[in-house]
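A quick write-up on the structure given underneath.
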Ligand SMILES: [Zn+2]
């Protein structure tokens with residue numbers, strides 16, 4: 001059976017004691033790719049990709065995020081009928097979210113009812129914090145994504161104007177990182193064309209210029225956004241990540 005990272009393995013940057021046998025996964029063409037990863041990348045069964053957004057009251061994705069992320073993904077995956085975020089349920093909030101609470105609310109609220117030719121990914125905009133407070137987003141089972149919106153604001157808004165300038169890009173970056181895990185990056189179901197997994201932080205890119213770097217689902221992304229502010233912010237997947245996706249898309 002292919003390795004299916006638990007919630008914690010995807011969330012936490014370092015996974016002491018977990019061995020990843022990269023060479024075997026690259027060479028073994030028979031290793032099954034998780035069906036959700038294939039569904040997101042290829043158009044065989046699903047020609048459209050929808051992000052079903054459930055949110056604790058009042059929370060919404062930044063409008064630019066809702067258009068920028070589909071634009072990025074359209075370049076990477078094969079979805080001729082489009083990619084979109086669709087607002088759905090209003091969720092009950094709480095102060096602290098542990099793994100059991102996340103799994104429970106995810107199971108109770110993911111409708112996955114967008115249509116037979118539509119692949120759905122579940123995005124939850126939650127209040128409160130995760131049990132690891134500087135973790136700003138999580139993803140699991142190539143299906144569910146959580147953004148901890150209160151935690152994002154607590155880390156992104158330092159100076160005057162940050163709430164408007166920095167916070168939307170931090171939110172966008174964390175979301176893109178988690179969608180990367182949905183796509184099987186890095187080495188979480190999507191075979192690596194060339195080895196680009198961080199030896200010290202499993203399931204993340206070794207290159208700090210890639211959005212799949214381990215720190216970018218944590219408060220480390222704030223510095224990344226601020227450093228790039230004078231240039232055009234580039235919160236994308238690096239060439240190695242793009243190659244991994246393309247290998248499945250073009251297979
Ligand atoms: Zn991650």
Response to the item:
So, for the Cα atoms of region 184-251, Rg and Dmax in Å stand at 12.5, 39
Worksheet, complete the sentence: Normalised per residue, the volume inside the convex hull of the alpha-carbon atoms of the chain in Å³ amounts to 123
Worksheet item: Once you put a point 7 Å from the Cα of residue 134 and another 7 Å from the Cα of residue 193, both along the Cβ direction, what distance in nm separates them?
Response: 3.4
Item to complete: Write down the radius of gyration of region 33-142 and its Dmax, each obtained from C-alpha positions, in Å.
Response: 14.5, 41
Response to the item:
For region 107-213 (alpha-carbon point model, no solvent) the Debye-based log₁₀ I(q)/I(0) at q = 0.10, 0.14, 0.24 Å⁻¹ works out to -0.34, -0.65, -1.29
Practice prompt. Would you give the gap between the C-alpha center of region 40-119 and the C-alpha center of region 166-201, rounded to a whole Å?
Written response: 17
Response to the item:
The relative contact order of the chain, taking Cα pairs under 8 Å that sit 6 or more residues apart, comes to a percentage of 23
Worksheet item: In the Gaussian network model of the chain, springs joining C-alpha atoms below 10 Å, which of 189, 159, 220 carries the largest mean-square fluctuation?
Response: 159
Discussion item. Connecting C-alpha atoms closer than 10 Å in a GNM of the chain, tell me which of 208, 87, 35 has the biggest fluctuation.
Written reply: 35
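Where a number appears in this text, it was derived from the coordinates with a stated rule and is not lab data. Keep in mind that this is a model prediction, so the values were computed, not measured. Neighbour counts run over all protein chains shown; Cβ positions are idealised from the backbone, glycine included.
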